[in-house]
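Taking it in order: structure first as structure tokens, then the write-up.
Just so it is clear, none of the values below were taken in a lab; they were calculated from the coordinates. Predicted, not measured: the structure shown is a model, and the values here were computed from it. A quick note on method: Cβ atoms are made from the backbone with ideal geometry, for glycine too, and the neighbour counts reach across all protein chains shown.
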């Protein structure tokens, strides 16, 4: 049975291959709009239609959704969240480190290319101002 959530509820949601903590800002027929508060899992790099494929027309660099960015997520990918919400920047650092740790132990060409993109994203995410 599907649970119904309301505006203001704090939830987790899966968007493409990333997972986020957010606040529901709008309820639609088959989706919720959530405002991103933290990153649980950094999105996977590459082509979504050819997971872990290297010989694809375009190897996508996938950024994590930004703090307070709003996104539509199908209701089936939303779950209640009851724990403390981590700070966005800290959650992004943790999610990025976990993703990189998995890739470092993988010697495939896909993992090497993904790691290269994540290292570039890391530099962009945490530029010194």
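Each part gets one Cα centre, and for segment 105-127 versus segment 19-89 those centres are 19 Å apart. Under a Gaussian network description of the chain, with springs only between Cα atoms under 10 Å, the residue in 75, 29, 19 that fluctuates furthest is 29. A crude spin-label estimate for the pair residue 14 and residue 97, with each label 7 Å from Cα along the Cβ direction, gives 2.5 nm. Compared with the dominant principal axis of the Cα atoms in the chain, helix 88-104 is inclined by about 40°. Considering only 54, 78, 24, the Gaussian network model of the chain with Cα springs below 10 Å gives its largest mean-square fluctuation to 54. When the chain is treated as a GNM with alpha-carbon contacts under 10 Å, the residue of 109, 61, 99 showing the greatest mean-square fluctuation is 109. Here the sum of -39500 (n - 2.57) over DSSP H runs of 4 or more residues, divided by the residues of the chain, equals -9000 deg cm²/dmol at 222 nm, to the nearest 500.
In terms of its alpha-carbon gyration tensor, segment 1-70 comes out prolate; a/c meets the 1.5 threshold, and the first ratio a/b outweighs b/c.
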